[in-house]
Every structure is written in structure tokens, then in C-alpha cells.
Amino acid sequence: MKGMSECTSVAIWTGTMVVGIFCGTCGRASAQQSRPERSVPAVSPAGALIEAEQFTARQPNDGSFATVTHDPTASGGRAVARFFPREGQCLYEFAVSKASQYDIWLRYASNSQPQIRFSIDANAGARPQVARLRNTGKLSGRGAWQWTKLGSAKLARGRHRLVLFGCPIRTDCLWISIGQPPPTDQQLIEARLRQVREHLKNPIEPITPDWFAEADQYELPEWYDSIRVCAHTRLSWRWRTRKPGLFFGAGKLLASIGFKEIARHIKSGDEPAWWPSRVGAVLDQARATNFAKRIIDEAHAAGCRIIVYHRHMEDRFVAEQHPEWTARDWQGKVIEKRGPKICFNTPYADFVETRLVELTKMGADGFYFDEVHMPKPFCWCENCRRRFKAETGLDYPESPDPFDPAYQKAIEFKNVTIERLFRRWRRAIHAVNPETVLLIGSNTYPQMVDRHTTHRLYRIADSMKTEFSLPDRASANRVFSFDKSLEPTERDARLALGYAIARDACDGRPPHVWTHGLPNATHALFATAGVIAHGGIANLDHPEATIPDPELFQEAVALGNRIAPAFARMRPLRWAAVHYSEYARDHYLPDEPSAWRKALYPVYGAFTTLLRARVPVGIVTDSQLEQGRLEATRLLFIPSREHLTERMRSAIARFERAGGQVIYQRADWRWYEPDGGMARAGEAFLREAAEAIRKAPISVHGGPKKMHAVCFTNRDRSRMTVALVNDFSWVFTGNTRTRDGRPIPDIEKKLNRRPPPPCRDVRIFLRTDRKPKEVRELAGGRSFEPVRTDAGYRIDVPTFDCTAVVHVRF
């Protein structure tokens with residue numbers, strides 16, 4: 001920060017502390033330490049910002065006028081609502097250090113064009129001044145707030161009084177200055193970000209904790225790794241009487257169309273246990289009959305593995321017996337979804353563990369842990385408040401303001417709570433049966449934009465549960481709707497990146513990808529091929545009323561079973577690795593546009609460029625980078641050089657000494673720019689990576705742009721799989737109607753989409769001196785003779801419509 005003689009500084013007041021200082025000349029912001037509260041904000045010659053909610057007095061003061069509301073897009077995370085009736089008044093006192101002509105600005109939101117009355121140092125009975133306001137379009141949220149200049153006044157040095165009279169608007173803040181315009185939205189955000197980054201200091205858990213050793217040598221059971229298509233049902237308790245033959249015979253029915261693995265409910269929501277559990281409430285019918293074991297045994301008798309869907313977050317009996325255990329929102333209300341949610345910072349964690357162990361002993365092959373585990377953004381119950389204070393020494397956040405450092409710290413605390421929870425459950429379950437797998441729901445993790453859960457959780461997850469379209473849903477793309485300086489991402493690449501994150505965050509273990517609402521067999525076939533080609537397990541949601549439906553699923557299931565051997569005991573070949581840095585992203589959130597420009601779009605851009613170049617590419621997380629998990633990697637992309645820990649820098653240096661190439665994001669690689677930014681940055685990136693790419697062990701040529709090629713290998717490199725899949729981003733999944741029953745926009749068009757043209761003239765180049773012993777394409781059941789080239793071998797792949805999975809044995 002330059003001295004006052006070189007640039008003009010502006011204090012930003014929240015009433016209790018200065019959160020930042022703006023440089024009126026250069027526009028930069030710097031953090032300031034908290035200062036004792038002043039009864040009157042001081043206005044420097046450059047100006048000062050006064051939050052609207054920090055009024056000196058208001059009239060009436062009975063809660064009916066000028067109430068404070070929370071809005072993360074307001075300058076201080078709060079604004080003043082109910083700014084009427086007209087007779088209401090808010091008084092703001094301030095002091096100026098220099099006599100001069102001062103401008104008075106107001107930041108407000110309005111959906112009309114009212115007039116606002118105001119006065120400065122007015123005598124009793126004096127007529128107020130009047131300013132006409134524009135319609136800002138809405139009363140809250142991004143884009144609602146606008147500045148307007150109320151007027152000017154000649155002020156002597158000393159204290160002054162500004163009164164705003166009631167008006168049908170919401171007020172955010174005031175700006176008082178000598179000729180300096182008010183701060184821009186970005187400057188306001190940057191000032192708050194300087195403060196919010198305090199949460200990054202003193203992390204509760206390090207990026208790479210010692211407890212990673214718990215899962216370091218873990219290998220998936222062979223049964224899970226060998227099955228690549230699963231049937232998912234939502235047979236809740238009501239189906240027991242509605243269709244008893246289906247409820248008690250689903251395993252046999254689903255096995256009849258080829259499924260070898262099923263996921264089905266064993267507890268759908270907040271209801272009592274379906275088995276005579278020794279803790280909590282039990283369904284009356286289950287006191288004499290163990291329905292859970294009956295379901296598990298039926299699946300096994302049909303030749304299927306069964307992953308049980310055990311809803312772990314809600315339990316009405318526990319909520320009624322222990323209301324102090326319930327999860328609360330910031331206003332103290334119990335959080336409900338499928339019933340009241342229970343906080344895991346209570347003995348409820350022990351309660352659920354008991355039930356999980358019971359089900360493991362009954363023979364459950366896996367657990368399907370859906371949803372968020374702990375409420376988003378976090379739980380506000382007294383248990384969390386006490387533990388948070390003990391862990392961090394900080395007071396709990398008062399409101400859902402993402403620019404509050406305590407709010408961000410509470411998200412971190414929640415994430416650590418989830419990690420500790422699954423560590424203990426994993427130990428308990430594996431102690432009974434090490435071949436029982438835990439599928440841990442990712443919620444929005446593959447979207448990259450949300451701090452809910454971290455890479456640490458998935459290092460100890462047996463497998464990640466995710467969803468087909470999740471990486472490219474509206475929640476993943478909201479930034480593109482309001483910031484037109486960012487080019488929207490391509491759907492096929494975003495899906496591929498999301499699947500790579502879901503897979504590689506778990507050290508290459510296959511994610512379990514729920515795929516629901518498939519309209520016909522062609523959509524089901526392409527969805528299955530896309531998920532499996534990217535190293536996942538296609539978890540196909542079968543509508544309960546039509547089980548079994550061979551017309552919809554048989555072709556997809558048969559494909560999954562044919563190609564599954566090419567993926568068993570194989571892991572992605574991460575010859576090129578793109579660093580997905582949550583550590584860098586968190587320096588910019590909650591400013592989502594900045595997070596995309598500085599941290600996320602470079603990840604997407606580099607990954608997509610390498611995906612289109614058809615070389616083996618994957619993701620490396622923060623902890624994997626710190627540990628130097630780059631064994632097969634020869635090309636490493638770092639999106640944020642300025643946000644690396646010392647352990648990351650040391651690992652990168654070792655990688656370079658071993659002969660690896662590191663490419664750092666360049667300031668002029670603006671991947672996000674509309675009208676060609678992605679192409680320009682991609683070309684520059686490829687020029688820098690050209691020599692390494694020429695030496696890639698596998699490359700694929702030919703076929704359409706959106707054909708994906710994903711490579712896998714086993715531990716001793718005696719087997720290799722090149723999975724080729726035609727564009728599958730057109731596939732429709734999900735609901736056809738909105739929650740209020742209306743058809744979703746363009747639903748008929750989406751349901752009737754046609755698959756893309758076939759993939760032709762595809763050639764796989766293997767850079768090796770070892771002659772393949774066998775080359776077989778498993779989707780079509782064909783064998784090939786590789787062609788010798790100067791650098792190795794070439795495999796000519798016949799034309800295919802959907803997928804070709806080429807398995808090579810050396």
C-alpha cells in the first residue's frame with residue numbers, strides 16, 4: 001500500500017472494525033486490523049463508507065422500521081429492509097477531518113422509482129432535501145444494488161448528522177467523500193475478501209494429515225472392482241404391501257436382465273429400523289421379522305451383490321427423544337428434509353455406527369451414503385457451537401454471510417466433522433468385513449465451486465457416490481448466468497472433468513455414478529458407456545413400477561458386463577496431471593467469478609485441452625500433490641503458482657529433478673474469455689507441452705471432436721485399456737417435470753435427441769518396444785493385430801457407434 005502522499009485511501013467501516021482500505025488512485029485494497037469501535041466513523045479527505053445497518057439511531061425503534069436483513073451481496077453482508085413508512089428516520093453521525101464540499105452517495109435496491117428525503121445537519125422543522133432514485137430491478141441478490149448521488153454539502157471540520165427518511169427501498173451503505181466516486185462492486189468484494197481470507201489461517205486439519213495412513217494400502221475388494229453396472233431402486237417400505245412380490249424378490253427380477261449388483265433402500269428416511277435393531281425405534285412389523293436380512297439374503301440368492309441405501313441423516317425417534325441433538329439452521333429451527341436432521345457432533349454418531357455394524361453382520365456388501373452428511377452450509381446447533389469454540393477459539397457465525405471469516409471457518413469445521421465421522425464408521429465396518437465398501441456421497445464436490453467436503457474425505461472413501469449430470473448442472477454453472485465476461489464451459493468436457501475428479505480424488509478408485517430418469521434404451525446405452533469409459537460404475541436407476549424392464553436396460557447392462565473385465569484391477573493412467581487446487585480456490589471464494597478466473601477455469605481449460613489432444617490425463621488433488629503422488633506422471637499443470645504450500649513446492653521440485661515437465665498457468669492465458677479465449681490459451685499451452693505430448697505412451701487420433709479416450713493400466717503394466725466413447729453429453733437424465741408439476745422447458749426435444757454419427761478412422765498409437773501379446777475390443781468382441789510403427793505399434797479401430805474398449809495384454 002502506498003503512502004497517503006502517493007495515493008488516496010478510503011476507510012471502509014462496518015461499525016465495529018475497518019475491514020479494508022481502498023486506494024482511490026490505484027483501486028487496490030488492503031486488509032486492516034480490527035480497531036476499537038468508534039461512536040462516530042471518521043471521514044478522511046478521500047471518503048468513507050458507512051454501512052446502512054450501523055445507524056446511530058432510528059425512529060420508530062420498535063422493530064417495525066429499518067430492520068436488518070442478511071444479504072451476502074450487500075457490502076457488509078447485511079442491509080436495511082422495511083425502510084418505510086415515510087415518517088421513519090435513520091440517523092447517521094460521522095466526523096470529517098477537513099472542511100470542504102462533500103458528496104453524499106447511497107447504495108440501495110428498489111423495484112420502483114421512488115423519491116428519498118434526506119437532511120444534513122438540519123435544524124428542527126427544516127425542509128429535507130429530495131433525490132429521485134432509479135429502479136434497480138430487484139430488492140436483493142447479485143445485481144440489485146446501485147449507487148446514486150443524493151447531493152453535496154459544505155461541511156466544517158467536526159461531527160455531522162445525516163438523516164435518511166422512510167422510502168420503499170432497501171439501503172446497503174453510504175459513501176461520503178470529497179469528489180471521489182464510491183467503490184465499485186469488485187472493490188467492495190475485494191475489501192471483504194481480505195477479511196474473509198483470515199479463515200485460511202490455522203487450519204483445523206492440515207492438507208495432508210497423518211491419518212491418511214489408515215487408507216494408504218487399501219485396495220477395493222475384487223467383487224466391487226469387477227462389476228461396472230449396477231441397478232438402483234428406491235423400493236421404500238410402502239412397496240412391501242403395495243407389491244410384495246417385487247419388494248421381496250427384486251434381486252431375482254433384476255438379475256433376470258443381467259444385473260450382478262443392486263443398490264436398494266434399507267432405510268429411506270426418518271422411519272424406524274426395518275430390522276430388530278438394538279438401538280432406536282423399530283418398525284412394529286420388524287420386531288419379529290428381520291426385513292433387512294431378508295432383503296440382503298434374497299439378493300445374494302439371486303447371485304447379486306447388494307449395496308444398502310441407509311439414510312443416515314434423519315431419524316424422527318431420535319429427534320423426539322433428544323431434541324438437543326437435532327441439526328439447526330441459523331435461526332434455530334430444526335432442519336428437515338426426509339424428516340428432522342440429526343447433528344453428528346452428538347452421540348447420534350454412535351447410534352448410526354451401531355446400526356451400520358448390525359447391517360454389516362447381516363451381509364451387506366456395501367453402504368450407500370447419499371446426500372450432504374451434515375447440513376449445508378453447516379449446522380448451528382449448540383453442540384456445534386461448543387465444539388467449534390473449543391477447536392478454533394472463535395465465536396460461531398451469527399448469520400449466513402459467506403464473507404464472514406467465522407462462516408468460512410464453520411464450513412471447514414463441518415468438513416472436518418464429516419471426515420472424522422466416516423473414518424470411525426469405516427474402521428468399525430471394515431473390522432467386521434473388510435470387503436464391505438463405503439460409497440460416500442460427494443454432493444457438489446465434482447462441480448468444484450462449493451467448499452462442502454474436501455479431498456481429504458475421498459482419500460479415505462472406498463468409492464465416491466456421485467451423479468451422471470451433476471458436474472454440469474445449473475448449480476455448477478451459475479456464475480456464467482450473471483458474469484458474461486466468462487465463457488460457459490462445454491458440457492462433454494465438464495462431465496469428463498467431473499468424473500475425473502470423482503475418480504482421481506479417490507486415488508483412481510471407480511466412482512459410483514447414479515443415473516436416473518433415462519427415457520429409452522439408447523440413452524441408457526450411451527450413459528452407461530460414458531460413465532464406464534471414464535472409470536466409473538454406471539448405477540442405473542430402475543423405476544420401481546416396471547421392474548424388470550429389459551427393453552430399457554438389457555442392452556446397457558449387457559454392454560457393461562462385456563467391457564467390465566477391461567477395467568477390473570485397473571487404474572487410470574495419469575500421464576498428464578492437472579492440479580485441482582482447493583487451496584487456491586479458497587483464496588478467492590466466495591467471490592465466484594474471481595475463483596473461476598484465477599483457479600478453476602485454468603483447471604478446466606488445461607484438462608479440456610489435453611482431453612481433446614487425446615493423451616492420458618487426470619487430476620491431482622492438493623494432498624496428492626503434497627505427497628508427490630505422481631508416479632506415472634510426466635507432464636504436470638499448475639493453475640495457481642502463487643497458491644502452493646511448501647510441501648507442494650518441494651514435491652514439484654522433486655518431480656522436475658526426476659525429468660517431469662511442469663507447466664504453470666500464464667497471466668495471458670485467459671481461458672475464460674468469450675470469443676476465443678479457450679482456443680488461444682489452449683494453443684499456447686499445447687506449444688509449451690508439444691515435446692512431452694510427442695513422447696506420450698499412448699495417443700489416439702481420428703474420430704469426432706467430442707469422442708473421449710481414457711487410458712487405464714494395471715500395477716505391473718502388463719495390461720492396458722484404452723476406452724473410447726462417442727459423445728454422450730446429449731443423454732437426458734433426471735425429472736421430466738418441475739416440482740410444481742409443469743413439464744421442464746424443451747422436454748420433448750431433450751427426450752427425442754438422436755445419438756451422434758459413428759466414430760470413424762480412429763487409430764491408437766502405443767509408444768513402446770514391447771509387442772502386444774493380445775489386442776481385443778470387448779464391446780464388439782473383436783481381436784486385432786497391431787501394426788508396427790517407427791515408435792511402437794498402431795491399432796486401427798473399426799467404426800463404432802457408441803463405444804470401443806480396447807484391451808491390450810503384453
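The values are calculated or read from the model by the stated rules, or taken from the named source; none is laboratory data. Treat the numbers as computed from the prediction; the structure is a model and nothing was measured. Note that each Cβ is placed from the backbone with ideal geometry, even for glycine, and that neighbours are counted across all protein chains shown. Side chains included, ligands, DNA and RNA excluded: accessible areas come from the protein's heavy atoms. Shrake-Rupley method; radii C 1.70, N 1.55, O 1.52, S 1.80 Å.
Accessible area per residue for segment 512-646 in Å², computed with a 1.4 Å probe and the full protein assembly in place, what is it?
So segment 512-646 comes to 24 Å² accessible per residue, rounded to a whole number.
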* Along each principal axis, Cα extent of the chain, largest first, Å -> 94, 72, 52
* Asked: Is segment 589-687 best put as rounded, prolate or oblate by its Cα gyration tensor, with a ≥ b ≥ c the root eigenvalues, rounded for a/c under 1.5, and otherwise prolate when a/b is larger than b/c, oblate when not?
  -> oblate
* **Estimated Rh, segment 652-724: Kirkwood, alpha-carbon pairs, angstrom** => 15.2
* Structure fact -> Other residues with Cβ under 14 Å from the Cβ of PHE655 give, with Lys and Arg +1 and Asp and Glu -1, a net charge of +4
* **Inter-label distance for ARG157 and ARG242, nm, one decimal - labels placed 7 Å from Cα along Cα-to-Cβ** => 7.9
* Structure fact -> Once MET720, MET448 are ranked on solvent-accessible area with the largest value leading and a 1.4 Å probe, the list reads MET720, MET448
* Send over a whole-number figure in Å² for the accessible area per residue of segment 666-780, probe 1.4 Å. => 56
* Asked: Per-residue HN-Hα couplings for segment 744-750, Karplus 6.51 cos²θ - 1.76 cosθ + 1.60 at θ = phi - 60°, whole Hz, x for Gly and Pro?
  -> 5, x, 6, 5, 5, 4, 5
* **Contour excess over end-to-end distance, with Cα ends at TYR664 and ALA124 and 0.36 nm allotted per residue** => 187.9 nm
* To do: Report relative contact order for the chain in percent, whole number only (criteria: Cα-Cα under 8 Å, sequence separation at least 6).
  => 9
* Asked: Using modelled backbone amide H atoms (1.01 Å from N, in-plane), which distant-in-sequence or interchain residues come within less than 5 Å of ARG614's amide H?
  -> none
* To do: Describe numerically, in nm with one decimal, the distance between label points set 7 Å from Cα along Cα→Cβ at ASP761 and at LYS138.
  => 4.8
* Globularity index of segment 305-361, i.e. its alpha-carbon radius of gyration over 2.2 N^0.38 Å -> 1.22
* **Inter-centroid distance (Cα atoms) of segment 255-274 relative to segment 533-564, Å** => 16
* Asked: Which of the peptides 683-690, 459-466, 344-351 is most tightly packed, and how do the rest follow, going by the mean number of other Cβ atoms within 10 Å of each residue?
  -> 459-466, 344-351, 683-690
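Can you check how the C-alpha radius of gyration of segment 649-799 compares to 2.2 N^0.38 Å, as a plain ratio? Can you show the working numbers first?
Numbers: Rg = 20.9 Å, N = 151, 2.2 N^0.38 = 14.8 Å.
Relative to the 2.2 N^0.38 Å estimate, segment 649-799 comes out at 1.41.
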* Asked: Summing +1 for each Lys or Arg and -1 for each Asp or Glu, what net charge is found among the other residues whose Cβ lies under 14 Å from the Cβ of LEU518?
  -> -3
* Asked: So, in Å, what gap is there between the alpha-carbon centers of segment 69-110 and segment 202-245?
  -> 52
* Asked: Taking the convex hull of the alpha carbon atoms in segment 91-183, what volume per residue do you get, in Å³?
  -> 95
* Of the accessible area of the chain, with the probe set at 1.4 angstrom, what percent is carbon plus sulfur? -> 47
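Please give the charge dipole size of segment 472-578, origin at the Cα centre, charges +1 on K and R Cβ atoms and -1 on D and E Cβ atoms. Round to the nearest 20 debye.
460
With a 10 Å radius around each residue's Cβ, average the other Cβ atoms per peptide and rank 190-199, 121-130, 756-765, 107-116, highest first. Before the final figure, lay out each step's value.
Working: 190-199: 20.7, 121-130: 10.1, 756-765: 17.0, 107-116: 18.9.
Peptide ranking by packing, descending: 190-199, 107-116, 756-765, 121-130.
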* Asked: Under a 1.4 Å probe, what is the accessible area of segment 148-220 per residue, stated in Å²?
  -> 46
* Asked: Looking at segment 328-449, what % of the alpha carbon pairs are farther apart than 25 Å?
  -> 30
* Asked: Summing -39500 (n - 2.57) over the DSSP H runs of n ≥ 4 in the chain and dividing by its residue number, what mean residue ellipticity at 222 nm do you reach, to the nearest 500 deg cm²/dmol?
  -> -8000 deg cm²/dmol
* Under-5 Å amide H pairs with TYR664, H placed in peptide plane, nonlocal only -> ILE638
* Quickly work out the ARG423-to-LYS749 label distance, labels modelled 7 Å from Cα along the C-beta direction, and quote it in nm with one decimal. => 5.0
